[in-house]
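Colleague: Quick one: structure below, then a few questions.
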Amino acid sequence: SDRLETVKSLIAAHPDFPKPGILFRDVFPVLRNAKALRMLIDLLCEHIKSTVASADIIVGLESRGFLFGPMVAEQLGIAFVPVRKAGKLPGKTVSVSYTLEYGTDKFEAQEDSVKKGQKVIILDDLLATGGTMKAAIELMEKLGAVVELCLVVIELDDLKGRNKLNRPFYSLIHY
Ligand code: 5GP
């Protein structure tokens, strides 16, 4: 669609960032353009409305899932909940460890942020290997949530990250 092409045209590519050999896709230029940002949020919401019968919560992943998550949640009239790196969220938290290229990392959510049986949509800017999204699924299911959809703006197809998820998955833009 025209809207998708407009959004895609604003996504920048940075070779060798943050390290040699990585081609970093940057969504921030989309946020510099209010009309394009509105198109992106509308496209995400339209996909959700046409594929998910009902959802209670948009779960955004630190940190770029925090940009779009609250906007999508507000438009759908549902809650937003953040998932953050360990040690950033106050109160009782639940955590999962996950493996990165070098070493491990830990994701946390506030224990009272999701109730058993609630339907969640997990949102991030980009899916690469899928490790981050997989950890978020694990964390949400640990809290008793039902993961209705995993949603990203950009998918790096060659890395086949979606095969790790075994949950409904959708991406707007492919590279
Ligand atoms: P994965 O765990 O799927 O390998 O990596 C995805 C995570 O790393 C996401 O949270 C995403 O924000 C970040 N990420 C990895 N590569 C890129 C990239 O090229 N551009 C952006 N914007 N984020 C990336």
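Colleague: Run the numbers on region 30-175 and let me know its relative contact order in percent, using alpha-carbon pairs under 8 Å that are six or more apart. Don't skip to the answer; put the middle values down first.
Modeller: Values: 285 pairs, mean separation 28.9, N = 146.
Once divided by the residue count of region 30-175, the mean separation gives 20 percent.
Colleague: Per residue, how much accessible area does region 1-151 show when a 1.4 Å probe rolls over the protein heavy atoms, in square angstrom?
Modeller: On the way: 7610 Å² over 151 residues.
Heavy-atom SASA per residue in region 1-151 reads 50 Å².
Colleague: Give K88/K115; K19/K106; K8/K142; K116/K164; K19/K49; K119/K164 a once-over and call out the pairs whose C-alpha atoms are over 32 Å from each other.
Modeller: Working: K88/K115 21 Å; K19/K106 22 Å; K8/K142 35 Å; K116/K164 24 Å; K19/K49 38 Å; K119/K164 20 Å.
Pairs exceeding 32 Å: K8/K142; K19/K49.
Colleague: Express the Stokes-Einstein translational diffusion coefficient of region 82-151 in µm² s⁻¹, to the nearest whole number, given a Kirkwood radius over alpha-carbon pairs, 25 °C and a viscosity of 0.890 mPa s.
Modeller: Working: Rh = 12.4 Å.
Stokes-Einstein gives a translational diffusion coefficient of 198 µm²/s.
Colleague: Another one. Please compute the net charge surrounding L10, taking Lys and Arg as +1 and Asp and Glu as -1 over other residues with Cβ under 14 Å from its Cβ.
Modeller: Numbers: positive: R3, K8, R25, R32, K35, R38; negative: D2, E5, D26, D125.
Residues close to L10 contribute a combined charge of +2.
Colleague: Here is a follow-up. Pop a pseudo-label 7 angstrom from the Cα along the beta-carbon direction at both H174 and V146 and give the gap in nm to one decimal.
Modeller: Label at H174, label at V146, 2.9 nm between them.
Colleague: Only Cα pairs under 8 Å and at least 6 apart count here; give the relative contact order of region 1-114 as a rounded whole percent. Don't skip to the end; give the middle numbers.
Modeller: Details: 148 pairs, mean separation 18.0, N = 114.
For region 1-114, the relative contact order is 16 percent.
Colleague: If you take the square roots of the eigenvalues of the alpha-carbon gyration tensor of the chain and sort them as a ≥ b ≥ c, do you get rounded (a/c under 1.5), prolate (a/b over b/c) or oblate? Present the calculation step by step, with values, prior to reporting the outcome.
Modeller: Values: a/c = 1.67, a/b = 1.17, b/c = 1.42.
Verdict is oblate for the chain.
Colleague: Taking 7 Å along the Cα-to-C-beta vector as the label spot, tell me the N33-D112 distance in nanometres, rounded to one decimal.
Modeller: 4.3 nm
The values are calculated or read from the model by the stated rules, or taken from the named source; none is laboratory data. Since we're looking at a predicted model, the values are computed, not measured. Cβ atoms come from the backbone with ideal geometry, glycine included; neighbour counts cover every protein chain shown. In case anyone asks, the SASA skips ligands and DNA or RNA and just uses the protein heavy atoms, side chains included. Shrake-Rupley method; radii C 1.70, N 1.55, O 1.52, S 1.80 Å.
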